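Have a look at the structure below before the remarks.
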Amino acid sequence: MTPPLPVQRYLDKRAIKGPWSLTPTESGRYRGVVVIPALAEGDSLFATLASLAATPPLWTDRYLVMLVVNHGEAARADVRRQNLLDLERLHAVAADHPLPLAWIDAASP
């Protein structure tokens, strides 16, 4: 599916192309996606996910929650470390989480 022209122009100008993939991958059953950019969020990221999980199942079953864990090349060591901890925690909780979760790891080397 080709995005609308204004979206494509934005992507051509601003999107960073990389070797990233969506983890875990599942498609076809969602009506939309909630995208959460994450930069060294720690507990606040998981508090946000808990808040979203409190919405009625009618909504949580229809929308994928996609996290983009990222940092720039010049990020401090503590930011990089927290991003890796957040990714480990996502891997640990995803299977049993009440929300359908997916993420892009744009933080690992």
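The values are calculated or read from the model by the stated rules, or taken from the named source; none is laboratory data. Being a predicted model, the structure only gives us computed values, none of them experimental. With ideal geometry, Cβ positions are generated from the backbone for all residues, glycine too; neighbour counts draw on all protein chains shown. SASA here: full protein model, heavy atoms, side chains in, ligands and nucleic acids out. Shrake-Rupley method; radii C 1.70, N 1.55, O 1.52, S 1.80 Å.
Quick one: if you stick a label point 7 Å off each Cα along the C-beta vector at H71 and L58, how many nm between them?
4.2 nm
Taking R0 as 41 Å, what FRET efficiency do you get between D96 and Q8 from their Cβ-Cβ distance, rounded to the nearest 0.05?
0.65
Taking all protein chains in place and a 1.4 Å probe, what share, in percent, of the accessible surface of segment 50-109 do carbon and sulfur account for?
Roughly 58 percent, rounded to a whole number.
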